[in-house]
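These notes are about the structure you will find just below.
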Amino acid sequence: MSALQAHLRETLTHVARCWALTRRDGRVFGFTDHDRALSFDGITFRADSGMTARVLEQVTGLAVDNTEAIGALSDISVTEADIVAGRFDAALVQAWLVNWQDVSMREMVFSGSIGEIKRADGAFHAELRGLSEALNRPVGSVYQEGCQAVLGDAKCRHDLSVPGYRTTLAVEQVDAGRVFTFAEIAGFDDRWFERGRLEVTSGEAQGLMAVVKNDRFVDGRRVIELWEELRAPIAVGDMVLLEAGCDKRQETCRLKFNNLLNYRGFPHIPGEDWLVGYPTAGSRNDGGSRYR
């Protein structure tokens, strides 16, 4: 029996709940429903956020554990601007039941991630999803012409830090948070960054990123258009990191990235034209490869 369980068997108990939110940018926020701050594991759990949690549903088997966290929007911790910018999307959430008189008596009661976040009347409602939520996502390989790997991941193995595949620039002109115009980006061909990634490395939008939709030369200037706008203000002079994009074709893998050995597609798989094909007198109809 743990020390906390022994304490819970006593007539008078001193327990509180603590939550730790770890964003994808590494920042950690601590909250507690106790009336004063608590600290352990190097985290200070603040008591002035109005943070509470609804009933935690935990089940056996592969069903998804879930609960909901409710708190006030604060300029110090969780802000409306950060929620709108998506900084808390998929953040890691851990929750403990703690003896506030002796925080060494504690037990983790929930571990998961943030799902949907709603904002209303100066407060937020965050759906918390258990670890088994990941089991709802389809996993596996698909036989298709294009590559299944993500550029730079463990399957692709291409090192994007190699010179020629990324560059850092200062923002010169931005429109609606999604169209960036530069005087020039020397050393990179037209459409080089298309389907790549733009990440903001300074300013209010630091840490936010988006996928590049178009990369074109227009009237002697380089125009980078994103699929969706960055949900935080971008100012002239802010620094952005641009990474090369991949269109998943075998030819691109060979010529642009010199990475054909790690190509994860099937370029010779029959397409829809094969389904409607028919024998002709002038062709070789022996059932062999159509690409020899």
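The values are calculated or read from the model by the stated rules, or taken from the named source; none is laboratory data. Just so you know, these numbers come straight off a predicted model, no measurement behind them. In this analysis, Cβ positions are derived from the backbone assuming ideal geometry, glycine residues included, and neighbour counts consider all displayed protein chains.
Arg222: crowded, with 18+ Cβ neighbours inside 10 Å, of a type in the set (D, E, K, R) and either part of a strand (DSSP E or B) or within 18 Å of the chain's Cα centre (by Cα) (or both), yes or no? Steps first, please.
Numbers: crowded, with 18+ Cβ neighbours inside 10 Å: yes; of a type in the set (D, E, K, R): yes; either part of a strand (DSSP E or B) or within 18 Å of the chain's Cα centre (by Cα) (or both): yes.
Yes: the conditions hold for Arg222.
Which residues, taken from region 76-129, are in contact with a strand residue (DSSP E or B) (Cβ under 6 Å, 6 or more places away or on another chain), more than 30 Å from Pro233 (Cα to Cα) and not in a strand (DSSP E or B)?
Residues satisfying the conditions are Trp100, Val103, Met105.
Residues that are under 25 Å from the mean Cα position of the chain (by Cα), charged (D, E, K, R) and over 30 Å from Ala37 (Cα atoms): does region 132-150 have at least one?
So far as region 132-150 goes, yes, one or more of its residues are under 25 Å from the mean Cα position of the chain (by Cα), charged (D, E, K, R) and over 30 Å from Ala37 (Cα atoms).
Please go through region 268-279 and give me each residue that is modelled with pLDDT under 75 and not aromatic (Phe, Trp, Tyr), ordered by number. Break it down into steps so the answer makes sense when it comes.
As a first pass, look at region 268-279 and keep what is modelled with pLDDT under 75: 271-279.
Once the filter is applied, which keeps residues that are modelled with pLDDT under 75 and not aromatic (Phe, Trp, Tyr), region 268-279 yields Gly271, Glu272, Asp273, Leu275, Val276, Gly277, Pro279.
Need the failing condition index for Gly265 against (1) assigned to a loop (DSSP other than H, G, I, E, B); (2) modelled with pLDDT of 95 or more, just the number.
The number of the failed condition is (2).
I'd like the full set of residues that are under 14 Å from Phe45 (Cα atoms) and surrounded by fewer than 20 Cβ atoms within 10 Å (Cβ to Cβ), limited to region 105-118.
First pass over region 105-118, keeping only residues under 14 Å from Phe45 (Cα atoms): 106.
Within region 105-118, none qualify.
Yes/no per residue for (1) in the same structural domain as His14 (by TED's automatic domain parsing); (2) farther than 13 Å from Arg23 by Cβ; (3) among the aliphatic types (A, V, I, L, M):
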| position | (1), (2), (3) |
| --- | --- |
| Glu80 | yes, yes, no |
| Phe88 | yes, no, no |
| Ala95 | yes, yes, yes |
| Val98 | yes, yes, yes |
| His125 | yes, yes, no |
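What pairs can you find where one residue is in region 1-14 and assigned to a helix (DSSP H, G or I), the other is basic (Lys, Arg), and their Cβ atoms are less than 8 Å apart, with a gap of 6+ or different chains?
Leu4/Arg106
Yes or no: Gly164 outside any strand (DSSP E or B), of a type outside the set (D, E, K, R) and either touching a strand residue (DSSP E or B) at 6+ places or on another chain (Cβ under 6 Å) or more than 23 Å from Phe257 (Cα to Cα) (or both)? Please lay out each step first, then the result.
On the way: outside any strand (DSSP E or B): yes; of a type outside the set (D, E, K, R): yes; either touching a strand residue (DSSP E or B) at 6+ places or on another chain (Cβ under 6 Å) or more than 23 Å from Phe257 (Cα to Cα) (or both): no.
No.
Within region 231-250, is there a residue that is surrounded by fewer than 18 Cβ atoms within 10 Å (Cβ to Cβ) and over 30 Å from Asp175 (Cβ atoms)? First the steps, then the outcome.
The initial filter retains those residues of region 231-250 that are surrounded by fewer than 18 Cβ atoms within 10 Å (Cβ to Cβ), namely 231, 233, 235-237, 239, 241, 247, 249-250.
If we keep only those that are over 30 Å from Asp175 (Cβ atoms) too, we end up with 249-250.
Yes: region 231-250 contains one or more residues that are surrounded by fewer than 18 Cβ atoms within 10 Å (Cβ to Cβ) and over 30 Å from Asp175 (Cβ atoms).
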